[in-house]
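Read the figures in this text as sums done on the coordinates, not as results from a lab. Quick caveat, the model's predicted, so the values are computed rather than measured. Here the Cβ positions follow ideal geometry from the backbone for every residue, glycine too, while neighbour counts run over all protein chains shown.
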Amino acid sequence: MEIYNDNFVKHLEDIVGTNINVKESTKSKTQKEQRNFCEIVQNWDKAWQRGNTIFRDTGIDLGDYEASHYKMIEDLFIMLYGSKSGVVFWWVYERYSEDGEVATLVTEEGEKHKLSTPLQLYKFIKKLK
């Protein structure tokens, strides 16, 4: 049983006059996971791109400073998505080709995928076995 807010549930029980259980729907959980995934990946990508821009423009390498932050994020993704997290790492760190275009991801089966947004990335890794 998952209860959102004990005070809210208590007020509802007082109004209804009986015990109640409030559960989050599977659809709501999925939407929340998708939204959180996209926000985290988008912010991670912005931080990575910002570090690259600073290095390109000034020659200042923030890699040592930021390494522990990226390692923490990577470890959390490994905990949540296992081997699928490698695709997320590719998307953040390597998705741009040398000409600045989004590269095509080619699976081991030879299927090609263009993953331009965090939402496309999320849907792709959810389909992976």
What is the order of Tyr70, Tyr122, fewest Cβ neighbours within 10 Å to most?
-> Tyr70, Tyr122
In which sequence would Thr26, Thr107 go, from the one with the fewest C-beta neighbours within 10 Å to the one with the most?
-> Thr26, Thr107
Hey, rough spin-label estimate for Ser116 and Ile40, points 7 angstrom out along Cα→Cβ, what's it come to in nanometres?
-> 2.6 nm
Compute the label zone of Asn52 within segment 87-129: residues whose backbone N is under 12 Å from the point 7 Å along Cα-to-Cβ.
-> 90-103
What per residue convex hull volume, in Å³, do the alpha-carbon atoms of the chain yield?
-> 157 Å³
Scan the chain and hand back the longest stretch that contains none of the GluC sites (Glu not before Pro) lying in DSSP loops with at most 12 other Cβ atoms within 10 Å.
-> 25-97
Give the residues of segment 19-49 whose amide nitrogen is closer than 20 Å to a point set 7 Å from the Cα of Lys84 in the direction of its Cβ.
-> 25-45
